[in-house]
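Engineer: One structure follows; several queries about it will come next.
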Protein chains: 2
Amino acid sequence: MELSRHEGQLPRITARYRIETPCDPERAAEAMAGEQSSGTFLKLAGETEALRERHAARVESVTCLKVGTTPSLPGALPGETYTSADVVLSWPLENIGTSLPNLLATVFGNLTELRELSGIRLTDLVMPACFIEALPGPQFSIEGTRRLCGTEQGPLVGTIIKPSVGLTPEETATLVKQLIEGGIDFIKDDELIADPPYSPLSERVPAIMQVINEHAQRTGRKPMYAFNITGDTDEMRHRHDLVRDHGGTCVMASVNWIGLGALAALRRHSQLAIHGHRNGWGVFYRHPQLGISYRAYQALLRLAGADHLHVNGLASKFAEEDASVMDSARACLTPLLEGAERDDRAMPVFSSAQTVHQACPTFQQLQSTDLIYTCGGGIMAHPDGVAAGCRSIRAAWEAASIGVSLEDHAKQEPDLAVALRAFHSPFSG
Amino acid sequence: MELSRHEGQLPRITARYRIETPCDPERAAEAMAGEQSSGTFLKLAGETEALRERHAARVESVTCLKVGTTPSLPGALPGETYTSADVVLSWPLENIGTSLPNLLATVFGNLTELRELSGIRLTDLVMPACFIEALPGPQFSIEGTRRLCGTEQGPLVGTIIKPSVGLTPEETATLVKQLIEGGIDFIKDDELIADPPYSPLSERVPAIMQVINEHAQRTGRKPMYAFNITGDTDEMRHRHDLVRDHGGTCVMASVNWIGLGALAALRRHSQLAIHGHRNGWGVFYRHPQLGISYRAYQALLRLAGADHLHVNGLASKFAEEDASVMDSARACLTPLLEGAERDDRAMPVFSSAQTVHQACPTFQQLQSTDLIYTCGGGIMAHPDGVAAGCRSIRAAWEAASIGVSLEDHAKQEPDLAVALRAFHSPFSG
């Protein structure tokens, strides 16, 4: 989808949707454009032709796809047939300014409630350069993250503190010590722990950072720990400062619950990498005819300032299809502005039931190692321990990068050989 | 659903879900509890019995409903049958602390992604008193809002600036003058206009407030204008101050896009009523087997600080069923804490294609006039003008309150009689 910017025209925001409608799709597209730029059931005095010309949303294209006989979503107008279509709408940037929450109010807003639609998903967004440039974007992106944790090449091998809840700060620090001595690049809090009474950040951050700082002094390498600082804006800024003051390099937030307004506020304050956790995202993708594609949404999270973004993983324990996972990851690694000096890519974070087995197909489909590969059991449950677990994951990614099979590479990598025996491949049926 | 708090037990958060599953529903409920409190595919060393006892989510009840043969949502494990069930889970408050974003990460989090579920909706939440009391709640609620705009009884008769986009600050102020001279109580920006270049708040707020302040000086009554300040946390605080400094009484935000973290931050700063616009909410309700019931979510928006919350309206132009609209409105008017000194109710805001016709059924079902009733065309398109439009709406609500039909009441209320002829009833088929 190319953004059209003919000479003399004002810049426009363009959005693509997959809709299903009991109406003529052209009429449904007009209803969408009307709802999102003038929207009442009567023509009003103030709505002059000049105003419409300047501010109305425009239907750029309607491409009809298949026709069915049952609606995907209830609540639509009655119809005999339900037509799927790709609809492209555009708005003058002047309607929105350069605000992400207001962009969503405009391009998504009430559309999911329209009775003209029995299916509605926002599938892509194209924003003009002046919009993108007005927003901060990721502060560290790929190179900055690699620099902070001293991992020059290959994926960042990561893990999540488990059990997710219940460990004291001291117990967590003890586990972190074991993990970083095992060679891990990246550790994150689970999204289920932020600042609870049994493990307040005021105690968890110093306890963990003492372990990490000592390791860094001894080895010259400082693994990254993503502290979950999810909360109100002011709480998050305060917690960010706590992490920074103890030498931490990364903070994490549940982006869907803090919201784009709070994420952008955190980014403007932040001196650390921001790890974006998308828990709750399922509501936006679980029904194929409803919601927002991550391809569209991740761009907004990056513009608000996320350096890392979760994308699930291949053959995960979750409902998302592998093709969707890879589309999300590719989107995170695609610059929003071609040729820009600033790197606005986010590192995709693969997680959920990942082991050595997903390395090759992930690399083959992504053609990149600029990612965070987090394993829970896939590292911790390696029969020879955490260090062997880490080495087995790195070996699997080496095999992927040089294009040999895990089985062949395992002949010279004993930890990988053990992992292959310990972990069942989800691809072998 | 009663929250159980036996003596000596720690307070717990309780959540109710309507699920559909290809598995044994008891097993599905255990999977939900596991995912949201320990969640990996292997038992880990640190997960002791004592830790589980203290921190694990608990399955409180599973009530099987009907059994079907097709899944409502794709991506679930294959099954021969799909069982619907009501599941109640609880968590120790200690896992979460008193943070709204982290509450959602815990009670909703990854549940929509579980392959054990082919349907998943959070339908209700019960929070212990100490959780509720730790959060600010609405600052003005019903009485405070009535005091600010001088409307002692009956619904606040409101309208939305239309056209939604494109009017200059001066054009908007001229429209506001016409509306308040017509007797309106409440006016709001459309959610499609916040702080765009063609009508920046720095110009719109002074222009509108000059009109409103002059009216207040002359008549002793200051209609409420909800300025849409949606944006980043800092932008919103700055805009709040601008509204306050010009004598405004209300700010509005698109709560789903700013997020709970930013809403709570705004509330802590605010001296004005907060009008919560829920555009985008459709994604949470449009599929009946997916999402969050507003009954559950509105409680969080109130605890974060919203004084007014949109609920759509009866016989609206949107896909939501009337029963769902009324359930939302009743929820907004139900105290979260029985017998508390603080009033934590929010005024429900009815909107979308509302005219005189919805007054009686709305009152009959809600048994309250503590609400904001917004009409666009339903006031502006009254054949005798805005003042007659306002009077016709008030007359319709009087009829509703005293229990006479609109037709009977119209015999002594000529503006209502004209409105009944001008606007077709959506209930007459």
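Since every read-out is calculated from the coordinates, none of them should be taken as a lab result. The structure presented is a predicted model; accordingly, all values stated were derived computationally and were not measured. For neighbour counting, all protein chains shown are included, and Cβ atoms are generated from backbone atoms with ideal geometry for every residue, glycine included.
Engineer: Counting residues in chain B as N, plug N into 2.2 N^0.38 Å and put the Cα Rg over that result.
Structural biologist: 1.07
Engineer: What ranking do A:375, B:130 get, fewest neighbouring Cβ atoms within 10 angstrom at the top?
Structural biologist: On the way: A:375 29, B:130 10.
The fewest-first ordering by Cβ neighbours comes to B:130, A:375.
Engineer: Of all beta bridges DSSP finds with both residues in segment B:230-362, what is the antiparallel percent, to the nearest 5?
Structural biologist: On the way: 0 of 10 bridges.
Given both bridge residues lie in segment B:230-362, the antiparallel proportion sits at roughly 0 percent.
Engineer: Name the nearest-to-axis residue of chain B, judged by Cβ distance to the rotation axis taking chain B onto chain A, and quote that distance in whole Å.
Structural biologist: Smallest Cβ distance to the axis, with its residue: B:259, 1.
Engineer: Report, to one decimal in Å, the Kirkwood hydrodynamic radius for segment B:294-415 based on all distinct Cα pairs.
Structural biologist: Values: mean 1/r = 0.0659 Å⁻¹.
The Cα-based Kirkwood calculation yields 15.2 Å.
Engineer: Additional query: Starting from a label point 7 Å past Cα on the Cβ side, list the distances from residue A:247 to the same position in the other copies, nm, shortest first.
Structural biologist: Copy-to-copy label distances for residue A:247: 5.9 nm.
Engineer: If you put a point 7 Å past Cα along the Cβ direction, how far is that point for residue B:398 from the same point in each other copy, in nm, smallest first?
Structural biologist: Label-point distances to the other copies, shortest first: 8.7 nm.
Engineer: Let me know the whole percent of all Cα-Cα pairs from segment B:88-231 that are separated by more than 21 Å.
Structural biologist: Above the 21 Å cut-off, segment B:88-231 has 60 percent of its Cα pairs.
Engineer: For the Cα atoms of chain B, what angle does the longest principal axis make with the long axis of helix B:322-332, in degrees from 0 to 90, nearest 10?
Structural biologist: Its long axis makes an angle of about 90 degrees.
Engineer: Looking at the calculated P(r) for segment A:76-148, what percent of the C-alpha pair distances fall above 15 Å?
Structural biologist: Across segment A:76-148, Cα pairs with separations above 15 Å total 67 percent.
Engineer: Here's another thing I want to ask about it. For labels at residue A:129 and residue B:214 in the simple 7 Å Cα→Cβ model, what's the distance in nm?
Structural biologist: 4.5 nm
Engineer: Also, quick follow-up: For a test of understanding, tell me how many lysine pairs in chain A have Cα atoms under 23 Å apart, given they are 8 or more places apart or on different chains.
Structural biologist: 8
Engineer: Something else now. How far, in degrees from 0 to 90, does helix A:294-304 lean away from the longest principal axis of the Cα atoms of chain A, to the nearest 10?
Structural biologist: With rounding to tens, the tilt is 80 degrees.
Engineer: Let me ask another. So between residue A:202 and residue A:271, what do we pick up on full extension, going 0.36 nm a residue minus the alpha carbon distance?
Structural biologist: That pair, residue A:202 and residue A:271, stretches by 23.0 nm at full extension.
Engineer: If you don't mind, there's one more thing I want to ask. Taking only Cα atoms of segment B:12-134, what ratio of Rg to Rh do you get with Rh as the Kirkwood inverse-distance radius?
Structural biologist: On the Cα set of segment B:12-134, Rg over Rh gives 0.99.
Engineer: State the antiparallel share, in %, of DSSP beta bridges confined to chain A, rounding to the nearest 5.
Structural biologist: Details: 25 of 52 bridges.
Approximately 50 percent, going by the DSSP bridge assignments.
Engineer: Just to confirm the filter: which chymotrypsin sites (Phe, Trp or Tyr not before Pro) across segment B:116-206 are DSSP coil and have at most 16 other Cβ within 10 angstrom of their Cβ?
Structural biologist: On the way: sites: B:131, B:140, B:186, B:198; in loops: B:140, B:198.
Nothing satisfies the criteria.
Engineer: Moving on. Given label points at 7 Å from Cα along Cα→Cβ, what nm distances, shortest first, separate residue B:218 from the same residue in every other copy?
Structural biologist: List, nearest first: 7.9 nm.
Engineer: Here's something else I'd like to know. Round to the nearest 0.05 the FRET efficiency obtained for residue A:327 and residue B:245 when R0 = 45 Å and r is the Cβ-Cβ distance.
Structural biologist: E between residue A:327 and residue B:245, to the nearest 0.05, is 0.40.
Engineer: Across all directions of projection, what mean area in square nanometres is found for the Cα convex hull of segment B:345-396?
Structural biologist: Computing the convex hull of the Cα atoms and averaging its projections yields 3.6 nm².
Engineer: Note the full-extension length gain between residue B:337 and residue B:174 as 0.36 nm times their separation in residues minus their Cα-Cα distance, in nm to one decimal.
Structural biologist: The span from residue B:337 to residue B:174 would gain 54.4 nm if fully extended.
Engineer: Give the dimensionless ratio obtained when the Cα radius of gyration of the protein assembly as shown is divided by 2.2 N^0.38 Å.
Structural biologist: The reported ratio for this selection is 0.95.
Engineer: Sticking with this one: Once both axes come from the Cα atoms, what is the angle between helix B:25-35 and the longest principal axis of chain B, in degrees from 0 to 90, rounded to 10?
Structural biologist: The answer is roughly 80 degrees.
Engineer: Could I ask something else about it? Among the DSSP beta bridges whose two residues both lie in the protein assembly as shown, what percent are antiparallel, rounded to the nearest 5? If you can, show how the numbers build up before the last one.
Structural biologist: Numbers: 52 of 106 bridges.
Expressed as a percentage, antiparallel bridges in the protein assembly as shown total about 50.
Engineer: List, largest first, the extents of the alpha carbons of segment B:188-242 along their principal axes, each in whole Å.
Structural biologist: Its Cα atoms span 36, 21, 17 Å along the three principal axes.
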